[in-house]
1. Can you name the residue in the range 1-18 that is among the hydrophobic types (A, V, I, L, M, F, W, C), surrounded by fewer than 18 Cβ atoms within 10 Å (Cβ to Cβ) and in contact with a helix residue (DSSP H, G or I) (Cβ under 9 Å, 6 or more places away or on another chain) and, of all such residues, is nearest to residue 67 (Cα to Cα)?
2. What are the residues in the range 32-78 that are modelled with pLDDT of 90 or more, open to solvent by 60 Å² or more (accessible area, probe 1.4 Å) and among the polar types (S, T, N, Q), if any?
3. Being open to solvent by less than 90 Å² (accessible area, probe 1.4 Å) and either modelled with pLDDT of 95 or more or assigned to a loop (DSSP other than H, G, I, E, B) (or both) is the filter here; which residues of the range 19-31 pass it?
Amino acid sequence: TQATTTGSLLFSVESLWPIDSEKLSALAGAIYGLILHVLPAYVRGWYNDLRDRNTSTAIESFTRTCCSPPLIANELSQ
C-alpha cells in the first residue's frame, strides 16, 4: 500500500536487514504495487498470461485488498 501511494520502495529496502521471508514478501508486494502504479498495462498483460489458476487467484486477492484501494483513491482525488 505504501509503495502504491508514495511511488517509492525505499522504506521496504531499508527494513530488509536482517533478511527473513516475511520481509522479503513485503518487498515483493511493494515492488508489485509500484509496478502496478507506474505500468498498469504491463501488469495487466502479465496477469492475463498467467496459466496457474492458484497463482492468479492469489494475485487477484492481493491486488484487490492491498493495491486497489490506494490506486482508486488516487485516481478519484485527481
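1. 9
2. Once the filter is applied, which keeps residues that are modelled with pLDDT of 90 or more, open to solvent by 60 Å² or more (accessible area, probe 1.4 Å) and among the polar types (S, T, N, Q), the range 32-78 yields 48, 54, 57, 65, 77.
3. 20
The values are calculated or read from the model by the stated rules, or taken from the named source; none is laboratory data. Here the structure is a predicted model, which means the values were calculated and not measured. When we count neighbours, we look across all protein chains shown, and the Cβ atoms used for this are built from the backbone with ideal geometry, even at glycine. For accessibility, only protein heavy atoms count, side chains too; no ligands or nucleic acids. Shrake-Rupley method; radii C 1.70, N 1.55, O 1.52, S 1.80 Å.
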